[in-house]
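So the structure is just underneath, and the comments pick up after that.
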Amino acid sequence: MLFLYNIIITIADLLLKMIALFNPKMKLFVSGRKIVFDTLSQKINSYDKTIWFHAASLGEYEQGLPVIEKIKEKYPDHKIVLTFFSPSGYEVRKNNTIADVTVYLPMDTKRNAQKFIKLIHPEMAFFIKYEYWPNYLNELKKTNTPTYLISGIFRENQMFFKWYGGFYRKALNTFSHFFVQNDNSKQLLEQLGKTNITVSGDTRFDRVATILEKDNTLDFIAQFKNETTTIVIGSSWPKDEELLIEYINSTTQNVKFIIAPHNIKNDQIQHLKNSITKKTVLFSEKENKNLADFDVFIINTIGILTKIYSYADIAYVGGGFGNPGVHNILEPATFGVPIIIGPNFSHFAEATDLVKLEGCISITNYAEFTKNTDNLVTDKDYCLKKGNICKNFVNTHKGATNTILKTISNKL
(Lines give C-alpha, C1' and ligand atoms only; values in the text may rest on other atoms or scores of the structure.)
Protein backbone atom coordinates (compact mmCIF):
# COMPACT_ATOMS: atom_id res chain seq x y z
CA MET A 1 0.00 0.00 0.00
CA LEU A 2 2.89 2.37 0.75
CA PHE A 3 4.23 1.69 -2.74
CA LEU A 4 0.89 2.73 -4.28
CA TYR A 5 0.73 5.79 -2.01
CA ASN A 6 4.18 6.92 -3.18
CA ILE A 7 3.13 6.59 -6.81
CA ILE A 8 0.02 8.70 -6.15
CA ILE A 9 2.05 11.37 -4.33
CA THR A 10 4.56 11.53 -7.20
CA ILE A 11 1.79 11.93 -9.76
CA ALA A 12 0.08 14.56 -7.61
CA ASP A 13 3.33 16.50 -7.34
CA LEU A 14 3.63 16.60 -11.14
CA LEU A 15 0.01 17.66 -11.59
CA LEU A 16 0.35 20.45 -9.04
CA LYS A 17 3.37 21.81 -10.89
CA MET A 18 1.31 21.92 -14.07
CA ILE A 19 -1.63 23.60 -12.35
CA ALA A 20 0.77 26.17 -10.88
CA LEU A 21 1.38 27.53 -14.37
CA PHE A 22 -2.18 28.88 -14.38
CA ASN A 23 -3.15 29.24 -10.71
CA PRO A 24 -1.50 31.97 -8.56
CA LYS A 25 -2.17 30.21 -5.25
CA MET A 26 -0.81 26.92 -6.54
CA LYS A 27 2.21 28.78 -7.88
CA LEU A 28 3.01 29.84 -4.31
CA PHE A 29 2.48 26.24 -3.18
CA VAL A 30 4.99 24.93 -5.73
CA SER A 31 7.59 27.74 -5.86
CA GLY A 32 7.77 28.00 -2.08
CA ARG A 33 8.81 24.38 -1.83
CA LYS A 34 11.73 24.81 -4.22
CA ILE A 35 13.80 26.68 -1.63
CA VAL A 36 12.99 24.59 1.45
CA PHE A 37 16.07 22.40 1.56
CA ASP A 38 18.44 25.28 0.79
CA THR A 39 16.82 27.33 3.56
CA LEU A 40 17.16 24.51 6.05
CA SER A 41 20.79 23.90 5.08
CA GLN A 42 21.58 27.56 5.71
CA LYS A 43 19.73 27.90 9.01
CA ILE A 44 20.13 24.51 10.68
CA ASN A 45 23.55 23.15 11.59
CA SER A 46 24.36 19.54 12.41
CA TYR A 47 25.00 20.45 16.06
CA ASP A 48 21.76 22.41 16.51
CA LYS A 49 19.08 21.01 18.78
CA THR A 50 15.70 21.34 17.12
CA ILE A 51 11.98 20.82 17.73
CA TRP A 52 9.60 20.54 14.79
CA PHE A 53 6.01 21.79 14.62
CA HIS A 54 3.79 21.17 11.61
CA ALA A 55 0.60 23.10 10.87
CA ALA A 56 -1.60 22.51 7.86
CA SER A 57 -2.61 26.14 7.59
CA LEU A 58 -3.20 29.37 9.52
CA GLY A 59 -5.89 28.00 11.81
CA GLU A 60 -3.71 25.13 12.96
CA TYR A 61 -0.80 27.51 13.51
CA GLU A 62 -2.95 29.67 15.79
CA GLN A 63 -4.12 26.52 17.52
CA GLY A 64 -0.59 25.33 18.18
CA LEU A 65 0.88 28.70 19.08
CA PRO A 66 0.36 28.41 22.87
CA VAL A 67 2.28 25.13 22.87
CA ILE A 68 5.04 26.51 20.63
CA GLU A 69 5.46 29.49 22.98
CA LYS A 70 5.67 27.27 26.07
CA ILE A 71 8.08 24.83 24.40
CA LYS A 72 10.31 27.71 23.32
CA GLU A 73 10.27 29.02 26.88
CA LYS A 74 11.02 25.59 28.36
CA TYR A 75 13.75 24.70 25.83
CA PRO A 76 15.42 28.03 24.94
CA ASP A 77 18.51 26.32 23.53
CA HIS A 78 16.52 24.52 20.86
CA LYS A 79 15.66 25.92 17.45
CA ILE A 80 11.99 25.79 16.51
CA VAL A 81 11.30 24.58 12.96
CA LEU A 82 7.79 25.41 11.77
CA THR A 83 6.28 23.98 8.59
CA PHE A 84 3.07 24.72 6.72
CA PHE A 85 1.33 22.73 4.04
CA SER A 86 -0.93 25.50 2.72
CA PRO A 87 0.01 28.88 1.21
CA SER A 88 -2.82 30.48 3.20
CA GLY A 89 -0.87 29.63 6.34
CA TYR A 90 2.71 30.07 5.19
CA GLU A 91 2.26 33.35 3.30
CA VAL A 92 0.57 35.01 6.29
CA ARG A 93 2.94 33.72 8.98
CA LYS A 94 6.25 33.20 7.15
CA ASN A 95 7.74 36.16 9.02
CA ASN A 96 6.59 35.09 12.48
CA THR A 97 9.03 35.64 15.34
CA ILE A 98 8.26 32.54 17.38
CA ALA A 99 10.00 30.03 15.07
CA ASP A 100 13.66 30.09 14.12
CA VAL A 101 12.91 28.64 10.70
CA THR A 102 9.57 28.69 8.85
CA VAL A 103 9.18 26.79 5.60
CA TYR A 104 6.70 24.86 3.51
CA LEU A 105 6.56 21.12 4.17
CA PRO A 106 7.88 19.39 1.04
CA MET A 107 5.56 16.88 -0.58
CA ASP A 108 5.38 13.58 1.30
CA THR A 109 7.68 11.49 -0.88
CA LYS A 110 10.05 9.03 0.73
CA ARG A 111 13.06 10.95 -0.57
CA ASN A 112 11.79 14.31 0.70
CA ALA A 113 10.95 12.87 4.10
CA GLN A 114 14.39 11.31 4.52
CA LYS A 115 16.18 14.49 3.46
CA PHE A 116 13.97 16.75 5.57
CA ILE A 117 14.30 14.71 8.77
CA LYS A 118 18.05 14.37 8.26
CA LEU A 119 18.47 18.14 7.85
CA ILE A 120 16.43 19.20 10.87
CA HIS A 121 17.11 16.09 13.06
CA PRO A 122 14.31 17.02 15.51
CA GLU A 123 14.41 15.87 19.10
CA MET A 124 10.61 16.15 19.24
CA ALA A 125 7.93 16.57 16.58
CA PHE A 126 4.43 17.99 16.94
CA PHE A 127 1.57 17.70 14.47
CA ILE A 128 -1.25 20.15 15.15
CA LYS A 129 -4.85 18.86 14.98
CA TYR A 130 -4.44 16.66 11.91
CA GLU A 131 -2.43 15.85 8.75
CA TYR A 132 -0.87 12.43 8.85
CA TRP A 133 1.90 12.12 6.26
CA PRO A 134 3.03 8.45 6.19
CA ASN A 135 6.55 8.96 4.85
CA TYR A 136 7.37 11.70 7.35
CA LEU A 137 5.86 9.69 10.18
CA ASN A 138 7.83 6.61 9.13
CA GLU A 139 11.08 8.58 9.16
CA LEU A 140 10.31 9.96 12.62
CA LYS A 141 9.70 6.43 13.84
CA LYS A 142 12.94 5.16 12.29
CA THR A 143 14.88 7.88 14.11
CA ASN A 144 13.05 7.21 17.40
CA THR A 145 11.82 10.79 17.52
CA PRO A 146 9.08 11.42 20.12
CA THR A 147 6.10 12.52 18.05
CA TYR A 148 2.93 14.12 19.39
CA LEU A 149 -0.47 15.02 18.03
CA ILE A 150 -1.87 18.09 19.79
CA SER A 151 -5.49 19.27 19.76
CA GLY A 152 -6.29 16.19 17.73
CA ILE A 153 -9.85 15.42 16.76
CA PHE A 154 -11.16 12.18 15.29
CA ARG A 155 -14.51 11.35 13.68
CA GLU A 156 -16.09 8.06 12.64
CA ASN A 157 -16.10 9.02 8.97
CA GLN A 158 -12.31 9.32 8.82
CA MET A 159 -10.34 6.73 6.89
CA PHE A 160 -8.73 5.33 10.07
CA PHE A 161 -12.07 3.82 11.07
CA LYS A 162 -13.01 2.30 7.70
CA TRP A 163 -12.36 -1.30 6.70
CA TYR A 164 -10.00 -0.06 3.98
CA GLY A 165 -8.06 2.31 6.27
CA GLY A 166 -5.34 -0.06 7.44
CA PHE A 167 -2.59 1.91 5.74
CA TYR A 168 -3.50 5.09 7.62
CA ARG A 169 -4.14 3.22 10.88
CA LYS A 170 -0.55 2.01 10.66
CA ALA A 171 0.64 5.62 10.35
CA LEU A 172 -0.87 6.34 13.77
CA ASN A 173 1.59 3.90 15.36
CA THR A 174 4.25 6.61 15.04
CA PHE A 175 2.75 8.88 17.67
CA SER A 176 4.22 8.74 21.15
CA HIS A 177 1.10 10.37 22.56
CA PHE A 178 -2.24 11.70 21.35
CA PHE A 179 -3.58 14.89 22.94
CA VAL A 180 -7.18 15.02 21.77
CA GLN A 181 -9.95 17.55 22.13
CA ASN A 182 -12.79 15.36 23.37
CA ASP A 183 -13.87 12.01 24.78
CA ASN A 184 -15.30 10.86 21.46
CA SER A 185 -11.84 11.14 19.85
CA LYS A 186 -10.35 9.14 22.70
CA GLN A 187 -12.96 6.42 22.37
CA LEU A 188 -12.38 6.12 18.63
CA LEU A 189 -8.63 5.76 19.14
CA GLU A 190 -9.22 3.19 21.89
CA GLN A 191 -11.18 1.13 19.36
CA LEU A 192 -7.91 0.92 17.43
CA GLY A 193 -6.10 -0.33 20.51
CA LYS A 194 -4.46 2.97 21.42
CA THR A 195 -3.86 3.71 25.10
CA ASN A 196 -1.38 6.61 24.87
CA ILE A 197 -4.16 9.21 24.88
CA THR A 198 -4.96 12.28 26.95
CA VAL A 199 -8.13 14.34 26.60
CA SER A 200 -6.41 17.70 26.94
CA GLY A 201 -9.00 19.89 25.23
CA ASP A 202 -8.40 22.45 22.54
CA THR A 203 -5.33 24.71 22.78
CA ARG A 204 -7.20 27.42 20.87
CA PHE A 205 -8.96 28.33 24.12
CA ASP A 206 -5.58 29.11 25.66
CA ARG A 207 -4.69 31.09 22.57
CA VAL A 208 -7.77 33.30 22.59
CA ALA A 209 -7.71 33.72 26.38
CA THR A 210 -4.33 35.47 26.12
CA ILE A 211 -5.84 38.02 23.72
CA LEU A 212 -7.42 39.77 26.70
CA GLU A 213 -3.96 40.39 28.14
CA LYS A 214 -2.88 42.35 25.07
CA ASP A 215 -3.49 45.92 23.98
CA ASN A 216 -6.43 45.67 21.59
CA THR A 217 -6.80 49.40 21.09
CA LEU A 218 -7.47 50.66 17.55
CA ASP A 219 -8.12 54.39 17.65
CA PHE A 220 -9.66 54.51 14.18
CA ILE A 221 -12.19 51.82 15.13
CA ALA A 222 -13.09 53.70 18.28
CA GLN A 223 -13.60 56.84 16.19
CA PHE A 224 -15.83 54.98 13.74
CA LYS A 225 -17.86 53.29 16.50
CA ASN A 226 -18.46 56.60 18.26
CA GLU A 227 -20.26 54.85 21.14
CA THR A 228 -22.83 53.40 18.74
CA THR A 229 -23.98 49.76 18.78
CA THR A 230 -21.66 48.00 16.35
CA ILE A 231 -21.97 44.68 14.54
CA VAL A 232 -18.64 43.20 13.46
CA ILE A 233 -18.85 40.84 10.49
CA GLY A 234 -15.72 38.71 10.42
CA SER A 235 -14.38 36.43 7.67
CA SER A 236 -17.45 36.85 5.48
CA TRP A 237 -17.93 35.11 2.16
CA PRO A 238 -20.22 36.23 -0.70
CA LYS A 239 -23.01 33.91 0.53
CA ASP A 240 -22.86 35.58 3.92
CA GLU A 241 -22.71 39.02 2.38
CA GLU A 242 -25.83 38.51 0.26
CA LEU A 243 -27.83 38.18 3.45
CA LEU A 244 -25.92 40.82 5.40
CA ILE A 245 -26.09 43.52 2.72
CA GLU A 246 -29.87 43.25 2.57
CA TYR A 247 -30.03 43.83 6.31
CA ILE A 248 -27.51 46.68 6.29
CA ASN A 249 -29.37 48.49 3.53
CA SER A 250 -32.83 48.07 5.03
CA THR A 251 -32.45 48.25 8.80
CA THR A 252 -33.72 51.31 10.65
CA GLN A 253 -31.87 50.39 13.84
CA ASN A 254 -29.26 52.82 15.14
CA VAL A 255 -26.34 50.50 14.45
CA LYS A 256 -23.01 50.52 12.63
CA PHE A 257 -21.27 47.73 10.75
CA ILE A 258 -17.66 46.68 10.38
CA ILE A 259 -17.06 44.10 7.64
CA ALA A 260 -13.80 42.16 7.46
CA PRO A 261 -14.21 39.88 4.40
CA HIS A 262 -12.34 36.60 4.09
CA ASN A 263 -11.17 37.62 0.63
CA ILE A 264 -9.83 41.14 0.20
CA LYS A 265 -9.19 41.15 -3.55
CA ASN A 266 -9.84 44.64 -4.88
CA ASP A 267 -12.61 43.69 -7.32
CA GLN A 268 -14.56 41.85 -4.63
CA ILE A 269 -14.11 44.67 -2.14
CA GLN A 270 -15.37 47.21 -4.65
CA HIS A 271 -18.36 45.02 -5.49
CA LEU A 272 -19.16 44.75 -1.78
CA LYS A 273 -18.87 48.51 -1.28
CA ASN A 274 -21.01 49.28 -4.32
CA SER A 275 -23.73 46.95 -3.03
CA ILE A 276 -24.16 48.97 0.15
CA THR A 277 -26.41 52.03 0.02
CA LYS A 278 -25.37 53.46 3.38
CA LYS A 279 -22.33 55.67 3.84
CA THR A 280 -19.34 53.34 3.54
CA VAL A 281 -15.57 53.73 3.93
CA LEU A 282 -12.71 51.33 3.22
CA PHE A 283 -9.75 50.81 5.53
CA SER A 284 -7.49 51.86 2.66
CA GLU A 285 -9.40 55.15 2.32
CA LYS A 286 -9.69 56.08 5.98
CA GLU A 287 -6.95 58.72 6.16
CA ASN A 288 -8.09 62.33 6.61
CA LYS A 289 -11.72 61.25 7.05
CA ASN A 290 -14.00 61.68 10.03
CA LEU A 291 -14.84 58.02 10.46
CA ALA A 292 -17.68 58.79 12.87
CA ASP A 293 -19.66 60.08 9.89
CA PHE A 294 -19.81 56.63 8.26
CA ASP A 295 -22.24 53.75 8.82
CA VAL A 296 -20.19 50.91 7.35
CA PHE A 297 -16.44 50.29 7.59
CA ILE A 298 -14.96 47.67 5.25
CA ILE A 299 -11.60 46.30 6.41
CA ASN A 300 -9.63 45.53 3.23
CA THR A 301 -6.51 44.48 5.09
CA ILE A 302 -5.50 41.51 7.24
CA GLY A 303 -4.22 40.98 10.75
CA ILE A 304 -6.49 43.25 12.83
CA LEU A 305 -9.80 41.37 13.01
CA THR A 306 -9.08 40.03 16.48
CA LYS A 307 -8.63 43.54 17.87
CA ILE A 308 -11.71 44.74 16.02
CA TYR A 309 -13.81 42.11 17.81
CA SER A 310 -13.02 43.90 21.07
CA TYR A 311 -15.22 46.79 19.83
CA ALA A 312 -18.13 44.55 18.80
CA ASP A 313 -21.50 44.52 20.52
CA ILE A 314 -22.60 41.69 18.24
CA ALA A 315 -20.49 39.48 15.94
CA TYR A 316 -21.42 37.65 12.79
CA VAL A 317 -18.76 35.07 11.89
CA GLY A 318 -18.77 34.01 8.25
CA GLY A 319 -18.26 30.72 6.46
CA GLY A 320 -21.38 29.02 7.79
CA PHE A 321 -23.12 29.00 4.43
CA GLY A 322 -20.28 27.13 2.73
CA ASN A 323 -18.00 24.17 3.23
CA PRO A 324 -16.29 23.13 5.41
CA GLY A 325 -18.17 25.70 7.48
CA VAL A 326 -17.95 28.55 9.94
CA HIS A 327 -14.69 30.35 10.75
CA ASN A 328 -13.20 31.01 14.19
CA ILE A 329 -15.89 31.95 16.71
CA LEU A 330 -13.59 31.85 19.74
CA GLU A 331 -12.04 35.27 19.12
CA PRO A 332 -15.30 37.21 19.52
CA ALA A 333 -16.37 34.80 22.27
CA THR A 334 -13.37 35.63 24.45
CA PHE A 335 -14.47 39.29 24.46
CA GLY A 336 -17.93 38.30 25.67
CA VAL A 337 -19.64 39.09 22.37
CA PRO A 338 -22.83 37.23 21.29
CA ILE A 339 -22.32 35.49 17.96
CA ILE A 340 -24.44 34.73 14.91
CA ILE A 341 -23.35 32.11 12.37
CA GLY A 342 -24.71 30.25 9.34
CA PRO A 343 -26.02 26.66 9.39
CA ASN A 344 -22.82 24.74 8.57
CA PHE A 345 -20.97 24.35 11.85
CA SER A 346 -21.25 20.65 12.77
CA HIS A 347 -17.54 19.98 12.10
CA PHE A 348 -16.53 22.53 14.75
CA ALA A 349 -16.94 21.35 18.33
CA GLU A 350 -16.74 24.82 19.84
CA ALA A 351 -19.51 26.09 17.56
CA THR A 352 -21.69 23.07 18.26
CA ASP A 353 -21.23 23.52 22.00
CA LEU A 354 -21.88 27.27 21.98
CA VAL A 355 -25.04 26.86 19.89
CA LYS A 356 -26.29 24.33 22.45
CA LEU A 357 -25.46 26.76 25.26
CA GLU A 358 -27.28 29.51 23.31
CA GLY A 359 -24.40 31.97 23.35
CA CYS A 360 -24.11 31.45 19.60
CA ILE A 361 -27.12 31.64 17.29
CA SER A 362 -27.27 29.69 14.04
CA ILE A 363 -29.46 31.09 11.26
CA THR A 364 -30.44 29.64 7.90
CA ASN A 365 -32.02 32.59 6.09
CA TYR A 366 -32.54 36.34 6.01
CA ALA A 367 -35.70 36.31 8.13
CA GLU A 368 -33.93 34.45 10.94
CA PHE A 369 -30.94 36.76 10.74
CA THR A 370 -33.15 39.87 10.94
CA LYS A 371 -35.18 38.58 13.86
CA ASN A 372 -32.18 37.52 15.95
CA THR A 373 -30.09 40.57 15.14
CA ASP A 374 -32.92 42.96 15.98
CA ASN A 375 -33.46 41.15 19.29
CA LEU A 376 -29.79 41.55 20.19
CA VAL A 377 -29.75 45.22 19.17
CA THR A 378 -32.91 46.23 21.02
CA ASP A 379 -32.65 44.10 24.18
CA LYS A 380 -29.40 44.98 25.94
CA ASP A 381 -29.91 42.52 28.80
CA TYR A 382 -30.55 39.70 26.31
CA CYS A 383 -27.43 40.69 24.39
CA LEU A 384 -25.33 40.81 27.56
CA LYS A 385 -26.60 37.40 28.66
CA LYS A 386 -25.61 35.81 25.35
CA GLY A 387 -22.19 37.46 25.49
CA ASN A 388 -21.53 36.24 29.03
CA ILE A 389 -22.31 32.68 27.95
CA CYS A 390 -19.61 33.00 25.29
CA LYS A 391 -17.05 34.49 27.67
CA ASN A 392 -17.65 31.85 30.35
CA PHE A 393 -17.39 29.12 27.71
CA VAL A 394 -13.86 30.22 26.83
CA ASN A 395 -12.81 30.59 30.46
CA THR A 396 -13.99 27.11 31.43
CA HIS A 397 -12.15 25.40 28.57
CA LYS A 398 -8.66 26.82 29.15
CA GLY A 399 -5.75 24.66 30.26
CA ALA A 400 -4.96 22.32 27.36
CA THR A 401 -1.45 23.73 26.95
CA ASN A 402 -0.50 23.07 30.58
CA THR A 403 -1.84 19.51 30.33
CA ILE A 404 0.32 18.86 27.27
CA LEU A 405 3.44 20.37 28.84
CA LYS A 406 3.05 18.34 32.03
CA THR A 407 2.76 15.09 30.09
CA ILE A 408 5.81 15.66 27.90
CA SER A 409 7.97 17.32 30.57
CA ASN A 410 11.53 16.08 30.83
CA LYS A 411 11.31 14.20 27.51
CA LEU A 412 14.51 15.86 26.29
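The values are calculated or read from the model by the stated rules, or taken from the named source; none is laboratory data. Keep in mind that what you see is a predicted model, and the values were worked out from it rather than measured. FYI the Cβ positions are ideal-geometry reconstructions off the backbone, even for glycines, and counts take in every protein chain you see. Accessible surface is based on the protein model in full, side chains and every heavy atom, while ligands, DNA and RNA are left aside. Shrake-Rupley method; radii C 1.70, N 1.55, O 1.52, S 1.80 Å.
Can you tell me how segment 123-271 classifies by the Cα gyration tensor, rounded, prolate or oblate, using a/c under 1.5 as the rounded cut?
Here segment 123-271 falls in the prolate category.
Cα axis of helix 266-275 to longest principal axis of the chain: angle in degrees, 0 to 90, nearest 10?
30
Any idea which of T50, N23, M124 is furthest toward the positive side of the dipole for segment 1-139, if Lys and Arg beta-carbons carry +1 and Asp and Glu beta-carbons -1?
Most positive-ward Cα: N23.
Using the Cα gyration tensor of segment 207-342, with a ≥ b ≥ c the square roots of its eigenvalues, what is the shape: rounded (a/c below 1.5), prolate (a/b larger than b/c) or oblate (neither)?
Rounded, because the longest to shortest axis ratio a/c is under 1.5.
What is the packing order of peptides 106-115, 174-183, 80-89, taking the mean over residues of other C-beta atoms within 10 Å and listing the highest first?
Packing proxy ranking, top to bottom: 80-89, 174-183, 106-115.
Which whole-number percent gives the relative contact order of the chain, counting Cα pairs below 8 Å spaced six or more residues apart?
It comes to 12 percent, rounded to a whole number.
I'd like the orientation of helix 238-250 relative to the chain: the angle between its Cα long axis and the longest Cα principal axis, in ° from 0 to 90, rounded to 10.
Result, in degrees: 20.
Might you report the magnitude of the Cβ-based charge dipole of segment 277-412 about its Cα centre, with Lys and Arg at +1 and Asp and Glu at -1, to the nearest 20 debye?
Values: 14 positive and 13 negative charges, 95 e Å.
Here the size comes out at about 460 debye.
Could you please state how large a percent of the accessible area of the chain is carbon and sulfur, counting protein chains only and using a 1.4 Å probe?
After summing per-atom areas, the C and S share lands at 51 percent.
Run the dipole for the chain about the Cα centre, Lys and Arg Cβ at +1, Asp and Glu Cβ at -1, nothing else charged, and hand back the magnitude in debye, nearest 20.
So the magnitude is around 1500 debye.
Just going by the charge dipole of the chain, with Lys and Arg at +1 and Asp and Glu at -1 on Cβ, which of G325, L172, L272 is farthest out on the positive end?
Of the candidates, L172 comes out farthest on the positive side.
Where a Cα-Cα gap under 20 Å defines reach, which lysines qualify for K279, not counting those fewer than 8 residues away within the same chain?
K225, K256, K289
How much mean residue ellipticity at 222 nm does the chain get from its helices, if each DSSP H run of length 4 or more adds -39500 (n - 2.57) and you divide by all residues, to the nearest 500 deg cm²/dmol?
That calculation yields -13500 deg cm²/dmol at 222 nm.
Using 0.36 nm per residue, how much length does the chain from H347 to K279 gain when fully extended, once their Cα-Cα distance is taken away?
Extending this stretch completely gives an extra 20.8 nm.
GNM on the chain, C-alpha springs below 10 Å: top fluctuator among N23, N184, N328?
For the chain, modelled as a Gaussian network with Cα springs under 10 Å, the answer is N23.
Specify whether the C-alpha gyration tensor of the chain places it in the rounded, prolate or oblate class, a ≥ b ≥ c being the square roots of the eigenvalues: rounded for a/c under 1.5, otherwise prolate if a/b is larger than b/c and oblate if not.
Cα axes put the chain in the prolate bin.
D215 accessible area, nearest 10 Å², 1.4 Å probe?
100
Can you work out the accessible area per residue across segment 185-335, with the rest of the protein chains kept in place, probe 1.4 Å, in square angstrom?
Per residue, segment 185-335 has 45 Å² of solvent-accessible surface.
Take D13, project a point 7 Å from its Cα along the Cβ direction, then tell me which residues of segment 112-144 have their backbone nitrogen under 18 Å from it.
112-120, 132-140
When Rg is the radius of gyration of the Cα atoms in segment 1-55 and Rh is its Kirkwood radius, what does Rg/Rh come to?
Ratio of gyration radius to Kirkwood radius for segment 1-55: 1.10.
Dipole size in debye (nearest 20) for segment 244-356 around its Cα centre, Lys and Arg Cβ +1, Asp and Glu Cβ -1? Walk me through the numbers before you get to the answer.
Details: 9 positive and 10 negative charges, 36 e Å.
Charge dipole, segment 244-356, about its Cα centre: 180 debye, nearest 20.
Based on the Cβ-Cβ distance from T301 to K118, what FRET efficiency comes out when R0 is 51 Å, to the nearest 0.05?
E(calc), rounded to 0.05, equals 0.80.
Note down the nm distance, to one decimal, between modelled labels 7 Å out along Cα→Cβ at N157 and at D77.
It works out to 4.9 nm between the two label points.
What nm distance separates the two modelled labels at T195 and A292, each placed 7 Å from Cα along Cα→Cβ?
6.8
Just to make sure I understand: if all protein chains stay in place, what is the order of E368, E358, E242 by accessible area at 1.4 Å, largest first?
Largest accessible area first, the residues go E242, E358, E368.
Are any of the pairs K239/K386; K43/K94; K94/K398; K34/K118; K286/K371; K94/K273 more than 22 Å apart by Cα-Cα distance, and if so, which?
Pairs exceeding 22 Å: K239/K386; K94/K398; K286/K371; K94/K273.
Probe of 1.4 angstrom, ligands and nucleic acids ignored: what's the accessible area per residue over segment 13-162, in square angstrom?
On the way: 6840 Å² over 150 residues.
Roughly 46 Å² per residue, with all protein chains present.
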